[in-house]
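Some notes on the structure that comes next.
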Amino acid sequence: MINPNNRLERGVSHIILILFVILILLPIYWMFVSAVQTNDNIFSPRFHLLPLNVDWGNFVQAWRAEPFGIFFVNSIVSNLLIVFFQVITSSMAAYALAFTEFKGKKTIFFLILMAMMIPMQATFIPVYIMLSKVHLINTYGALVIPFIGSAFGIFLLRQGFVSVPKEMVQAARIDGASEFRILWSIVLPNVKPAIVTLVLLNFVFHYNSLFWPLVTTNSTNMRVIPVALSYFLSQDAGQQLQWNLLMAADLFSIVPVIAIFLFGQKYIVKGVANTSLKG
Amino acid sequence: MARVSLKHVWKKYSEAMIVKDFNLDIEDKEFVVLVGPSGCGKTTTLRMIAGLEEISEGDLFIGDRRVNDVPPKDRDIAMVFQNYALYPHMSVRDNMAFGLKLRKFSKSEINQRIREAAKILDIEHLLDRKPKALSGGQRQRVALGRAIVREPQVFLMDEPLSNLDAKLRVGMRAEIRKLHQRIQTTTIYVTHDQTEAMTMGDRIVVMKDGVIQQCGTPQEVYHSPANMFVAGFIGSPAMNFLRGRIVEENEQVYFRTTGTSILLPENRYPICRSEGVIGQEVILGIRPEDLHIEDTLTSQYPESVIYGKVEVSENVGSEVYLHVTVSGQNIIARVNSRFYLQPGTLVKLVLDMNKVHLFRADTQEAIGVTNQTEGVYAGETN
């Protein structure tokens, strides 16, 4: 028997949760409604929750408006490279911080935390100048290299690594494993949630990133999805913005992100809970 | 298999001295137990032998080789940890094979060693399971298995039974002893449990504050404790201590505490005189089982009797622990269960004077060595 008080409590918490879900889903729903009707209908003075007309052709039109195939490839390749390198560099740094003793370890960890507090925009100009000097502007190098080391990634993985019993690492050392072998064979398999969390957060962050790809690439062949979406916002004077096409493009742009979230959702909850990174 | 020698070994963390001037020679095939309370430096010592902690000063030898600067993997040791430290993502078989694979053993050799170890430890049916599907006792067996497949020169065990329940611990204690008798590998075992130390070790090293207090066989440590710490730490219930003074009257030497005088056996007179404790404050130690309550004994040895009041009687089945107040000092007597007495009862207890220990009140060191294992009342039942 459920206590009536408990039942009431559960009912209230469910209602609150449902309200939050609506709040989160409403913009996405509105994006979908806008994507399947004409621009005029979007701005129709008549309030409507359902589309006034349904025109799936907006998706085709939006896809053809810009070379989205290239943008998808650019976005996915550059982001996968960022994620790949970041997992490697962050896991090695996190391993050193979590499992080895050396002078200045605390200071280094403190500096890493400090680095997380520097706004990325503050570093854009010097990094841009460096990349331009080595002729990497408008290449994958410009999109990837500045992000292969990440203070946040090191912090996140270090928090995950410290949950691995030190004795396990010591047992592996006595067993004869090298530090690389311990990282690869013992530590990483036991911190999957932290790794998946890093991959997901990173992928989403860079997939959504507009400013850096915008300033470091200048040819259509090197542009990425967010830059392409911004094209829909820069129409010639006198013409109405094509909100319906923008919404349609937005919708197919988020497919990879949704897919990757569905793939890793069971880990991300564990990962965020384990690393005390909430909110 | 090898000897292990620690010569003047120190461990310092900035200002703190964790292990101080540790000297110990462990013979080949010996089972040595390091025992002491938390923070006494026993685990740090073991970890220095394993190579997981740096040695601040001194020399460590495994066999004839000085290994201070040799990494753990090249010391030819295997370690069993308190929390087992099994690799949770690997099966039992892979856990046991990991170290052998890294040492490039052939597949057939690995399989053979795993089969043999699994048979010894009776874990053959668990080889394909993951650690989380095992009970605590089974995990401990796997941890032992992972150590023995390596066939190392030295086994290091860091409180391996602490995470097990009391019953299983008693069983595993005997298993580890049997295992040692079978494979005869030099073993260094760390525990805070004096019963474990007493029952398992060929030799016991009692530590406190990073210093060896006494090193000897369980019998030696029990019957001839070097100081009050060892006397109080080894044995359960702990040894009783009575504070008093040594006095000499009419060429007889007494231990005198408030309201009570106890005549010391004649063989103690020369020691008391030569050690200069006549007239000095001392601590008398007597184990709970060396206090007797039977009327025949109390009337036979009136000069060894103390009077007290029962505070609590604890019945543990075969015997009773009487908590008695004597001259304001609390002592425990371990007597036959038929002497279950109500609180408030006045009792006479007779001390087995040949098993009495005397300690200096200032240094707490034992006065003379009393290596007695046979009591005056041996053969008597209490």
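The values are calculated or read from the model by the stated rules, or taken from the named source; none is laboratory data. The structure presented is a predicted model; accordingly, all values stated were derived computationally and were not measured. Heads up, the Cβs are rebuilt from the backbone with ideal geometry, glycines too, and the neighbour counts pull from every protein chain shown. All accessible areas refer to the heavy atoms of the entire protein, side chains included, with ligands and DNA or RNA removed. Shrake-Rupley method; radii C 1.70, N 1.55, O 1.52, S 1.80 Å.
Please enumerate the residues belonging to the range A:182-202 that are open to solvent by less than 10 Å² (accessible area, probe 1.4 Å), touching a residue at least 24 places away in the same chain (Cβ under 8 Å) and not polar (S, T, N, Q).
A:182, A:187, A:191, A:194, A:198, A:200
Output yes when any residue across the range A:140-151 is over 20 Å from the mean Cα position of the chain (by Cα) and surrounded by fewer than 21 Cβ atoms within 10 Å (Cβ to Cβ), and no when none is.
Checked against the condition, which is being over 20 Å from the mean Cα position of the chain (by Cα) and surrounded by fewer than 21 Cβ atoms within 10 Å (Cβ to Cβ), the range A:140-151 yields no hits at all.
What residue, of B:133, B:143, is hydrophobic (A, V, I, L, M, F, W, C) and touching a Phe, Trp or Tyr at 6+ places or on another chain (Cβ under 6 Å)?
Criteria check complete, one pass: B:143.
Tally the residues that are in contact with a Phe, Trp or Tyr (Cβ under 9 Å, 6 or more places away or on another chain), open to solvent by less than 50 Å² (accessible area, probe 1.4 Å) and not basic (Lys, Arg), restricting the search to the range A:210-224.
Summing the residues that are in contact with a Phe, Trp or Tyr (Cβ under 9 Å, 6 or more places away or on another chain), open to solvent by less than 50 Å² (accessible area, probe 1.4 Å) and not basic (Lys, Arg) in the range A:210-224 gives 4.
I'd like the full set of residues that are over 16 Å from residue B:328 (Cβ atoms) and not in a loop (DSSP other than H, G, I, E, B), limited to the range B:239-254.
Once the filter is applied, which keeps residues that are over 16 Å from residue B:328 (Cβ atoms) and not in a loop (DSSP other than H, G, I, E, B), the range B:239-254 yields B:246, B:247, B:248, B:249, B:252, B:253, B:254.
Among the helices (runs of 4 or more DSSP H) contained in the range A:157-264, which hold 3 or more residues that are more than 14 Å from chain B (Cβ to nearest Cβ) and β-branched (Val, Ile, Thr)?
Those helices (runs of 4 or more DSSP H) span A:192-208.
Can you pull out every residue in the range B:186-220 that is closer than 28 Å to residue B:150 by Cα and surrounded by 22 or more Cβ atoms within 10 Å (Cβ to Cβ)?
Once the filter is applied, which keeps residues that are closer than 28 Å to residue B:150 by Cα and surrounded by 22 or more Cβ atoms within 10 Å (Cβ to Cβ), the range B:186-220 yields B:186, B:187, B:188, B:189, B:190, B:191, B:196, B:197, B:200, B:201, B:204, B:205.
Among A:83, A:77, which is the only one that is closer than 24 Å to residue A:201 by Cβ, touching a residue at least 60 places away in the same chain (Cβ under 8 Å) and in contact with a His (Cβ under 9 Å, 6 or more places away or on another chain)?
Result: A:83 is the single residue among A:83, A:77 that is closer than 24 Å to residue A:201 by Cβ, touching a residue at least 60 places away in the same chain (Cβ under 8 Å) and in contact with a His (Cβ under 9 Å, 6 or more places away or on another chain).
State which residue pairs qualify: first residue more than 16 Å from residue B:211 (Cβ to Cβ) and at pLDDT 95 or above and inside the range B:45-60, second residue polar (S, T, N, Q) and part of a strand (DSSP E or B) in any location, beta carbons under 8 Å apart, and separation of 6 or more residues or different chains.
What qualifies is B:59/B:5; B:60/B:5.
Name the single residue, out of those in the range B:114-125 being at pLDDT below 95 and open to solvent by less than 70 Å² (accessible area, probe 1.4 Å), that is farthest from residue A:172 (Cα to Cα).
Taking the candidates together, the pick is B:120.
Here's the yes/no breakdown for (1) within 15 Å of residue B:359 (Cα to Cα); (2) polar (S, T, N, Q); (3) open to solvent by less than 20 Å² (accessible area, probe 1.4 Å); (4) over 27 Å from the mean Cα position of the chain (by Cα):
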| site | (1), (2), (3), (4) |
| --- | --- |
| B:243 | yes, no, no, no |
| B:254 | yes, no, no, yes |
| B:264 | yes, no, yes, yes |
| B:273 | yes, no, no, yes |
| B:283 | yes, no, yes, no |
| B:290 | no, no, yes, no |
| B:300 | no, yes, no, yes |
| B:307 | no, no, no, yes |
| B:319 | no, no, no, no |
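Testing residue A:174 on (1) over 23 Å from residue A:227 (Cβ atoms); (2) surrounded by fewer than 21 Cβ atoms within 10 Å (Cβ to Cβ); (3) β-branched (Val, Ile, Thr); (4) over 24 Å from the mean Cα position of the chain (by Cα), one condition comes back false. Which one is that?
(2)
Residue-by-condition table, conditions (1) under 30 Å from residue A:216 (Cβ atoms); (2) open to solvent by 90 Å² or more (accessible area, probe 1.4 Å):
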{"residue": "A:25", "(1), (2)": "no, yes"}
{"residue": "A:34", "(1), (2)": "no, no"}
{"residue": "A:57", "(1), (2)": "no, no"}
{"residue": "A:89", "(1), (2)": "yes, no"}
{"residue": "A:92", "(1), (2)": "yes, no"}
{"residue": "A:106", "(1), (2)": "no, yes"}
{"residue": "A:119", "(1), (2)": "yes, no"}
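Scan the range A:159-171 for residues that are in contact with a Ser or Thr (Cβ under 8 Å, 6 or more places away or on another chain) and open to solvent by 10 Å² or more (accessible area, probe 1.4 Å) and jot them down.
A:159
Looking only at the range B:304-358, how many residues end up being small (Gly, Ala, Ser), out of contact with any Pro (no Cβ under 7 Å at 6 or more places or on another chain) and under 12 Å from residue B:286 (Cβ atoms)?
Here the count works out to 1.
Looking only at strands (runs of 3 or more DSSP E) that fall completely inside the range B:265-373, which ones have 2 or more residues that are without any contact (Cβ under 8 Å) to a residue 24 or more places away in the chain?
Working: elements: B:281-286, B:305-315, B:319-326, B:329-336, B:346-351, B:357-360.
Where strands (runs of 3 or more DSSP E) fall fully within the range B:265-373 and carry at least 2 residues being without any contact (Cβ under 8 Å) to a residue 24 or more places away in the chain, they are B:319-326.
Take the residues of the range B:90-99 that are closer than 11 Å to residue B:150 by Cβ and more than 9 Å from chain A (Cβ to nearest Cβ): which is surrounded by the most Cβ atoms within 10 Å (Cβ to Cβ)?
If we take residues in the range B:90-99 being closer than 11 Å to residue B:150 by Cβ and more than 9 Å from chain A (Cβ to nearest Cβ), then B:96 is surrounded by the most Cβ atoms within 10 Å (Cβ to Cβ).
Would a scan of the range B:144-166 turn up a residue that is in a helix (DSSP H, G or I), open to solvent by 70 Å² or more (accessible area, probe 1.4 Å) and either at pLDDT 90 or above or within 14 Å of another protein chain (Cβ to nearest Cβ) (or both)?
No: the range B:144-166 contains no residue that is in a helix (DSSP H, G or I), open to solvent by 70 Å² or more (accessible area, probe 1.4 Å) and either at pLDDT 90 or above or within 14 Å of another protein chain (Cβ to nearest Cβ) (or both).
Within the range B:57-89, restricting attention to residues that are within 14 Å of chain A (Cβ to nearest Cβ) and open to solvent by 40 Å² or more (accessible area, probe 1.4 Å), which residue is farthest from residue B:197 (Cα to Cα)?
Filtering first and then ranking leaves B:89.
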